[in-house]
1. Cβ contacts < 8 Å: first residue more than 15 Å from A:Asn242 (Cα to Cα) and touching a residue at least 24 places away in the same chain (Cβ under 8 Å), restricted to the range A:307-319; second residue of a type in the set (S, T, N, Q) and part of a strand (DSSP E or B), any location; separation 6+ or different chain. Result?
2. State whether one or more residues within the range A:277-290 are within 30 Å of B:Asp220 (Cα to Cα), out of contact with any strand residue (DSSP E or B) (no Cβ under 6 Å at 6 or more places or on another chain), loosely packed, with under 13 Cβ neighbours inside 10 Å and free of Cβ contacts under 8 Å to residues at least 24 places away in the same chain.
3. Scan the range A:119-150 residue by residue and report those that are on the phi < 0 side of the Ramachandran plot and not in a helix (DSSP H, G or I).
4. Give the residue, chosen from A:Lys17, A:Lys22, A:Lys60, that is among the basic types (Lys, Arg) and surrounded by 15 or more Cβ atoms within 10 Å (Cβ to Cβ).
5. Which of the following residues is more than 26 Å from B:Leu203 (Cα to Cα) and out of contact with any helix residue (DSSP H, G or I) (no Cβ under 9 Å at 6 or more places or on another chain): B:Asp84, B:Asp72, B:Asp99?
6. Return the residues of the range B:256-307 that are among the acidic types (Asp, Glu), exposed (fewer than 15 other Cβ atoms within 10 Å of the Cβ), within 14 Å of chain A (Cβ to nearest Cβ) and outside any loop (DSSP other than H, G, I, E, B); say none if nothing qualifies.
7. Got a number for residues in the range B:176-198 being in contact (Cβ under 8 Å) with a residue 24 or more places away in the chain and at the interface with another protein chain (Cβ under 8 Å from one of its Cβ atoms)?
8. Quick test for you: out of B:Met223, B:Met253, pick the one residue that is over 18 Å from B:Pro285 (Cβ atoms), more than 13 Å from every other protein chain (Cβ to nearest Cβ), among the aliphatic types (A, V, I, L, M) and touching a residue at least 24 places away in the same chain (Cβ under 8 Å).
Amino acid sequence: MSKLLEVKNLSTSFFTKYGEIKAVNNVSFDLDEGEVLAIVGESGSGKSVTAFSIMQLIAKGGRIVNGEIHFNGQEITKLTEKEMTRIRGKEISMIFQDPMTCLNPVFTIGDQMEEVLKLHFKELGKAERKQRCLEMLDKVGIPNAEERLKQYPHELSGGMRQRVMIAISLLCSPKLLIADEPTTALDVTIQAQIIDLLKELKEEYNTAIIIITHDLGVVANIADKVNVMYSGEIVETADIRNLYYNPSHPYTWGLLKALPRLDMKENELQPIPGSTPDLLLEMDHCPFFDRCEYAMECCRQSKPEYYETGENHIAKCWRYHPDFPKEA
Amino acid sequence: MSEKKKLVEIRHLKKYFKVNDASYKGLRRRTNTLKAVDDVSFDIYEGETFGLVGESGCGKTTLGRTVIRLYDPTDGEIIFEGTDISKLTSKELSTYRKDMHMIFQDPYASLDPRMTVSEIIMEAMPNDDSLSTEDRRQRVLELLDLVGLNSDHATRYPHEFSGGQRQRVGVARSLAANPKFIVCDEPISALDVSIQAQVVNLLKDLQHKLGLTYLFIAHDLSMVQYISDRVGVMYLGKMVELADSDTLYAHPMHPYTQALMSAIPVPDPDMERSKRRIIVEGEVPSPINPPSGCAFHNRCPRATEKCSQVIPEFKEIDDGHFVACHLFSGNY
């Protein structure tokens, strides 16, 4: 079966007056239809830039410097802006972190929903457009849809706005939905509602989802497989159970140990020392080297490759080099 | 528990705000009352960490600020080491100011970008003749060392630091006057996961070394459970449950606490996918016009007729375990 999305050796850089910032550095992954991929990592690890690269919505000063993105069998990095407009919003759509700022405050919910349909389904009449919007609002669990269409974003609560965002993103039944920190700005009880909603909609439309988050609890609930990013690189890719029960990369170990859990006893929380490296600096060693408690001499001298550590499980760490001595 | 000394006692504390009525279209201004904190009572013991959780808008930050008199309470008493400080004038209050301090949520906004770290920390030191300039400088270095920064950092500006380091500066500033009581208002929400653990461990270490008492406000429930001895849960300006943190997480009684606990995402796929989740419908109502009776009744899966009419009493149902819910009022 061919993959829905294949990203090969993608590198995205921002060019600033201080030099080149390699926000995404040689990243490869793929995704099947109906699959949920989570990209986790700390701020500045390049997870959002990866998503924006797929959408080709990279902020000013940045561009894809290398690599290919195949979507549905088509190479999309070479498409013109006009061709990309046809894919964006219809085939691939995106929901953003902050539902307060990504809806336009001066247009009604109805205007903003219909805009998508006007662009991608020119043949629809006014009544049909409205009908579709109503159905969609109903699907995402917004009561009194008819009333809501006439309201402005400020009249809705945070959770409701995020539901509207999801409704807009699913209007054209996209094959791929990219959710960039969809629940970070929401309270836990609302977060639980939104995650359940995304899961239901995924079942119904068989949409593939890329969810970007730093919350490993959310990932455990929704994802099928996970990319862990650090300093612009994917350091580990694994199926969901492998990642939590059999993690390979020391950074992933660190992340899991730094999380408080309800069954945790006193003084078990172990932080990762130091902070993330400066992306402006040219690095010829493992980016996690200076924070890693297992660092070896070779980690300082050269960057590790990907090594297989299990089925569908790869990690970028010298510990998995075939010559690394196995522990007894 | 009873032999422990109470550091802060809060009795029927209320903080109301006047807000403009946006729906009133007339010429004159009309105001509504927003009951941000509505009749809250609890004690904080010396040397403990009291966690305060709740969703945004429930009044936890307002409560934290009112307790150390950054806001003037509308009604009620705040008894700090035996003195009611709720009605003191700002001059009378100045003797207590050095005993309580605050760590703010956003380490990017709470440090003045035009002051060096040593200026920021010195500003919080008591403004009297007890310390010479040299003493103050020495104290800054001590404090920086205490929070895991070094003496080079004293002359730098906030923008030269990462988020975690800035929060350490915030912690150093809060310690400058040797306080007994620190209100930590979401001190780790703006930080990355690996850095959060660093700051939390720092706070725990300092508490151990200096015998501090914390009021720790957060919406990250698992972190609150980890750091706190006792936890209070707030909903719409009221405290709905209070217990030892282990008891609260193992046996939550109030339906809202139960829902909140079940909504915490657990970083464990098997547990996360198999656990039973109590989904509360709808969202938090407006505190300007809260529901009658129990404020949670319109979202509560176990609400009865009585809940919409009578405000439940905040009652001790077990040793040190308080709940405000009609489900437990009759049988105990």
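1. Qualifying pairs under 8 Å: none.
2. Yes, because at least one residue in the range A:277-290 is within 30 Å of B:Asp220 (Cα to Cα), out of contact with any strand residue (DSSP E or B) (no Cβ under 6 Å at 6 or more places or on another chain), loosely packed, with under 13 Cβ neighbours inside 10 Å and free of Cβ contacts under 8 Å to residues at least 24 places away in the same chain.
3. To start, the set of residues in the range A:119-150 that are on the phi < 0 side of the Ramachandran plot comprises A:119-140, A:142-143, A:145-150.
Once the filter is applied, which keeps residues that are on the phi < 0 side of the Ramachandran plot and not in a helix (DSSP H, G or I), the range A:119-150 yields A:Phe121, A:Lys122, A:Glu123, A:Leu124, A:Gly125, A:Val140, A:Ile142, A:Pro143, A:Lys150.
4. Going through A:Lys17, A:Lys22, A:Lys60 in turn, the sole match is A:Lys22.
5. Just a single option satisfies the conditions, and that option is B:Asp84.
6. Here is the first cut: in the range B:256-307, the residues among the acidic types (Asp, Glu) are B:268, B:270, B:272, B:281, B:283, B:305.
Then keep just the ones that are exposed (fewer than 15 other Cβ atoms within 10 Å of the Cβ); that gives B:270, B:281, B:305.
Add one more test, that the residue is within 14 Å of chain A (Cβ to nearest Cβ), and what stays is B:270, B:281.
Result: B:Asp270, single match.
7. If we filter the range B:176-198 for residues that are in contact (Cβ under 8 Å) with a residue 24 or more places away in the chain, which is where we start, we get B:176-192, B:195-196, B:198.
Then keep just the ones that are at the interface with another protein chain (Cβ under 8 Å from one of its Cβ atoms); that gives B:192, B:195-196, B:198.
So the answer is 4.
8. Result: B:Met253 is the single residue among B:Met223, B:Met253 that is over 18 Å from B:Pro285 (Cβ atoms), more than 13 Å from every other protein chain (Cβ to nearest Cβ), among the aliphatic types (A, V, I, L, M) and touching a residue at least 24 places away in the same chain (Cβ under 8 Å).
The values are calculated or read from the model by the stated rules, or taken from the named source; none is laboratory data. Since we're looking at a predicted model, the values are computed, not measured. We place every Cβ from the backbone using ideal geometry, glycine too, and count neighbours over all the protein chains shown.
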